[in-house]
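K.L.:
Here you go, one structure.
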Amino acid sequence: MSKNLVLIGFMGVGKGTIARALMKETGLVGVDCDDLIESMENRKVKAIFEAEGEEYFRALEKKTAKWLEKSVKNTLISTGGGFYKVKNLHKIGKVIYLKSSFEGILERIKSSANSEKKLAKRPLLSDMNKAKALFDERDPLYKEKADIIINVENKSIDEIIKNILQEIK
Ligand code: S3P
């Protein structure tokens, strides 16, 4: 594989979990955009949002995107839910949209062992009505940006990984 794989999708859909499983299965090395931003800034995404606001965070995503395009190859890249907006997304790699309904995402978060932590670290999930509106706005845009769409709702991790591997071979 010469191109990176870029996982996009809404908060809580399982981008991180799927990235970890895919790394294990394929031996690929992965990076996570939010982790890169947190180490650049030496603070958590939540703290960045609280102290500097969303625009500042989006600028950090753009900076990360430029670095990824220039410097990263053969890598699995997981992204934050708003990263899909960066202009050079397709120059970074093959874009895979992990798709679920909003209800499916809420179900996944609620049934996870650390659901409170999952909600607490995501400022844009603090108001569910706003989160639903954001999902409705983004779902068609994620589809538009995707080279590959993988439906992850009600599927096991094994099935999801199998589907991804079929699509990228
Ligand atoms: C965001 C998603 C978050 C994180 C930030 C903004 C978004 O990442 O980047 O809170 O705009 O959807 P996850 O998708 O990993 O939760």
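The values are calculated or read from the model by the stated rules, or taken from the named source; none is laboratory data. The structure presented is a predicted model; accordingly, all values stated were derived computationally and were not measured. Methodologically, a virtual Cβ is constructed for each residue, glycine included, from the backbone with ideal geometry; neighbour enumeration extends over all protein chains shown.
K.L.:
Among what's in the stretch 62-77 and is of a type outside the set (S, T, Y) and part of a helix (DSSP H, G or I), pick the residue that is farthest from the ligand (Cβ to nearest atom).
P.N.:
K70
K.L.:
Now, a different point. I'm trying to understand the selection: among the residues of the stretch 104-163, which are at pLDDT below 95, assigned to a loop (DSSP other than H, G, I, E, B) and closer than 30 Å to K91 by Cβ?
P.N.:
The answer is K121, R122.
K.L.:
If we scan the stretch 146-155, do we find a residue that is out of contact with any Leu (no Cβ under 7 Å at 6 or more places or on another chain) and without any contact (Cβ under 8 Å) to a residue 24 or more places away in the chain?
P.N.:
So far as the stretch 146-155 goes, yes, one or more of its residues are out of contact with any Leu (no Cβ under 7 Å at 6 or more places or on another chain) and without any contact (Cβ under 8 Å) to a residue 24 or more places away in the chain.
K.L.:
Which pairs have Cβ atoms under 7 Å, sit 6 or more apart or on different chains, and link a residue in the stretch 133-145 that is within 8 Å of F10 (Cβ to Cβ) to one that is among the small types (G, A, S)?
P.N.:
Cβ pairs passing all conditions: Y142/G9.
K.L.:
Let me ask something else. Being surrounded by 19 or more Cβ atoms within 10 Å (Cβ to Cβ) and of a type outside the set (D, E, K, R) narrows it down to one residue among G27, G80, G53; which is it?
P.N.:
Answer to the check: G80.
K.L.:
Now for a different question. Among the candidates K63, K24, which residue alone is under 17 Å from the mean Cα position of the chain (by Cα), among the charged types (D, E, K, R) and modelled with pLDDT of 95 or more?
P.N.:
K63
K.L.:
From G104, G93, which residue is under 24 Å from D139 (Cβ atoms), crowded, with 22+ Cβ neighbours inside 10 Å, more than 13 Å from the chain's Cα centre (by Cα) and not basic (K, R)?
P.N.:
It is G93.
K.L.:
Follow-up. Being farther than 26 Å from V29 by Cα and either among the small types (G, A, S) or in a strand (DSSP E or B) (or both): is that true of G80 here?
P.N.:
No: the conditions fail for G80.
K.L.:
Then there is this: Is it the case that A59 is small (G, A, S), exposed (fewer than 14 other Cβ atoms within 10 Å of the Cβ), more than 21 Å from E167 (Cα to Cα) and more than 10 Å from the ligand (Cβ to nearest atom)?
P.N.:
yes
K.L.:
Something else about it: Considering only the stretch 9-54, state which residues are assigned to a helix (DSSP H, G or I), free of Cβ contacts under 8 Å to residues at least 12 places away in the same chain and away from the ligand (no atom under 12 Å from the Cβ).
P.N.:
R20, K24, S39, A51, E52 - these are the residues of the stretch 9-54 that are assigned to a helix (DSSP H, G or I), free of Cβ contacts under 8 Å to residues at least 12 places away in the same chain and away from the ligand (no atom under 12 Å from the Cβ).
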